[in-house]
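Please read the structure below before turning to the comments.
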Amino acid sequence: MKISIQENDFDVSKELSLLRKALPGIGGINMFVGTVRDTHQGDVVQAMELEHYPGMTEKALEAIIQQAQARWEVLNATIIHRVGKLMPMDQIVFVAVASSHRGDAYSACEFIMDYLKTSAPFWKKEYTPNGSRWVDARTSDEDRLKKWQI
């Protein structure tokens, strides 16, 4: 398993290669790459700044992967989340899950992403022509969590 909180960009192809390395039992990999949009709530987004609480963030991401492993067959997983100032079209997050079967990879990847959006200790600030603002959690993200709660 790999968890990285970093300012620098990531190479999707390289990360997928590392995820697969020495695991011939992998039958499928599901991945998600999140990027900075140029608009939000009807406003132009010029940049986004992401902050986190070092140490606490990594532990929270580890716990999310452990929860996914308890539910599905996860042979390997990677979470990379960028912090710092990002521009529209920059990559923010990479989540990939490898499993013997595609169903487990799909479900575990979606679960990890849903929990990242709502439970991981990241704070986002958007910069618009009208100034900066902190981004609150969306109701739709909270609603998505309900499907995972037992």
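Computed quantities for the displayed model
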item: Count of residues meeting criterion [open to solvent by 50 Å² or more (accessible area, probe 1.4 Å) and of a type outside the set (D, E, K, R)] in region 40-74; result: 11
item: Failed criterion for Asp136 (all others in (1) more than 29 Å from Gly55 (Cβ to Cβ); (2) assigned to a loop (DSSP other than H, G, I, E, B) hold); result: (1)
item: Strands (runs of 3 or more DSSP E) (entirely within region 1-102) containing at least 1 residues that are in contact with a strand residue (DSSP E or B) (Cβ under 6 Å, 6 or more places away or on another chain) and closer than 23 Å to Gln149 by Cα; result: 28-35, 76-82, 91-99
item: Enumeration of residues in region 39-53 that are at pLDDT 95 or above and charged (D, E, K, R); result: Glu49, Glu51
item: Test for Ile29: is it open to solvent by less than 50 Å² (accessible area, probe 1.4 Å) and either at pLDDT 95 or above or basic (Lys, Arg) (or both); result: no
item: Index of the failed condition, Ile3 passing every other in (1) without any contact (Cβ under 8 Å) to a residue 40 or more places away in the chain; (2) more than 23 Å from Met87 (Cβ to Cβ); (3) surrounded by 11 or more Cβ atoms within 10 Å (Cβ to Cβ); result: (1)
item: Long-range neighbours under 7 Å by Cβ, at least six apart or interchain, first residue more than 20 Å from Leu86 (Cβ to Cβ) within region 48-60, second open to solvent by 50 Å² or more (accessible area, probe 1.4 Å); result: Ala60/Ser119
item: Extreme residue, farthest from Glu58 (Cα to Cα), among residues of region 93-150 that are without any contact (Cβ under 8 Å) to a residue 60 or more places away in the chain, open to solvent by less than 60 Å² (accessible area, probe 1.4 Å) and aromatic (Phe, Trp, Tyr); result: Trp148
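The values are calculated or read from the model by the stated rules, or taken from the named source; none is laboratory data. Bear in mind the structure is a predicted one, so any value in this text is a computation, not a measurement. Please note: Cβ atoms are built from the backbone with ideal geometry, for glycine as well, and neighbour counts cover all protein chains shown. Areas reflect the complete protein model, heavy atoms only, side chains present, ligands, DNA and RNA absent. Shrake-Rupley method; radii C 1.70, N 1.55, O 1.52, S 1.80 Å.
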